[in-house]
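So the structure is just underneath, and the comments pick up after that.
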């Protein structure tokens with residue numbers, strides 16, 4: 001009985017580690033592994049964010065900058081538009097192209 005306990009505690013975890021490393025290097029098993037890079041959405045550039053904001057609201061661009069806020073991992077683009085009638089619109093475009101108004 002002691003031999004099975006030793007096997008279960010000391011040897012079995014190493015066998016699972018070796019199997020996982022084998023799956024990393026084996027192309028036929030690659031599709032079963034979850035990679036964090038695959039799930040990450042592609043980020044849009046500042047120019048693409050400006051084009052999205054202009055297509056939704058029109059006007060002229062007063063300023064545009066990209067920011068990585070503390071606690072906010074994805075990059076966000078802050079855009080200020082001058083609309084007809086002199087009104088200024090502040091927008092934030094996230095990494096997926098979603099537009100939200102600020103203030």
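Coordinate-derived values only; no laboratory data. As the structure is a computational prediction, the values presented were derived from the model and not from experiment. Virtual Cβ from ideal backbone geometry, glycine too; neighbours counted across all protein chains shown.
Residue separation of residue 100 and residue 51 scaled by 0.36 nm, minus their Cα-Cα distance, works out to 16.2 nm of gained length. With N as its number of residues, region 46-102 has a Cα radius of gyration that, divided by 2.2 N^0.38 Å, comes to 1.08. Site pair residue 61 and residue 43 shows an inter-label distance of 1.7 nm when each label is modelled 7 Å from Cα along Cα→Cβ.
When each of the peptides 80-90, 45-55 is scored by how many other beta carbons lie within 10 Å of its residues on average, the order from highest to lowest is 45-55, 80-90.
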